[in-house]
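Take a look at the structure below.
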Amino acid sequence: VQLQASGGGLVQAGGSLRLSCSASGATFRNLVMGWFRQAPGKEREFVAAIDWNGGISSYAGSAKGRFTISRDNAKNTVYLQMNSLKPEDTDDYLCAARAERLWPLTAPYEYDIWGLGTQVTVSS
């Protein structure tokens with residue numbers, strides 16, 4: 001299974017970005033999908049997760065009310081809509097998958113498939 005994240009970039013505080021993560025090599029509708037963030041030299045932090053059919057989602061406290069995770073199983077893609085961005089949201093954002101229908105999954109060790117990150121930089 002391969003995951004490919006995209007959509008990062010440089011944005012001013014208060015702006016928005018939409019991250020995408022496409023999956024290949026697996027039955028996407030069976031995957032729990034998550035977004036994490038990571039700064040250099042630091043642990044990965046949970047941002048959001050969504051269950052296999054998109055009916056249930058979970059968010060870190062810092063993401064609630066500003067970020068929305070969604071998925072399109074027909075396109076094998078999960079999204080992270082990021083609104084009202086703050087400089088402290090600056091990080092590398094990674095998508096992850098677990099090939100089992102388990103819920104909730106909010107810790108990095110609970111995911112067994114990882115993609116490369118996409119950098120999000122929010123200027124003040």
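The values are calculated or read from the model by the stated rules, or taken from the named source; none is laboratory data. Everything quoted here is computed from the prediction, not taken from an experiment. When we count neighbours, we look across all protein chains shown, and the Cβ atoms used for this are built from the backbone with ideal geometry, even at glycine. Surface accessibility is based on the protein's heavy atoms, side chains included, excluding ligands, DNA and RNA. Shrake-Rupley method; radii C 1.70, N 1.55, O 1.52, S 1.80 Å.
Worth a mention:
- The one condition from (1) within 15 Å of the chain's Cα centre (by Cα); (2) open to solvent by 40 Å² or more (accessible area, probe 1.4 Å) that Gly55 does not meet is (1).
- Residue, surrounded by the most Cβ atoms within 10 Å (Cβ to Cβ), within the stretch 67-83, restricted to residues that are touching a residue at least 24 places away in the same chain (Cβ under 8 Å) and among the aliphatic types (A, V, I, L, M): Val78
- Selection count, the stretch 84-109, where residues are more than 13 Å from Thr27 (Cα to Cα), open to solvent by 60 Å² or more (accessible area, probe 1.4 Å) and in a loop (DSSP other than H, G, I, E, B): 5
- Taken together, the residues in the stretch 8-38 that are aliphatic (A, V, I, L, M), modelled with pLDDT of 95 or more and out of contact with any Ser or Thr (no Cβ under 8 Å at 6 or more places or on another chain) amount to 4.
- Yes/no for Ala49 being part of a loop (DSSP other than H, G, I, E, B) and either open to solvent by less than 70 Å² (accessible area, probe 1.4 Å) or in contact with a Ser or Thr (Cβ under 8 Å, 6 or more places away or on another chain) (or both): no
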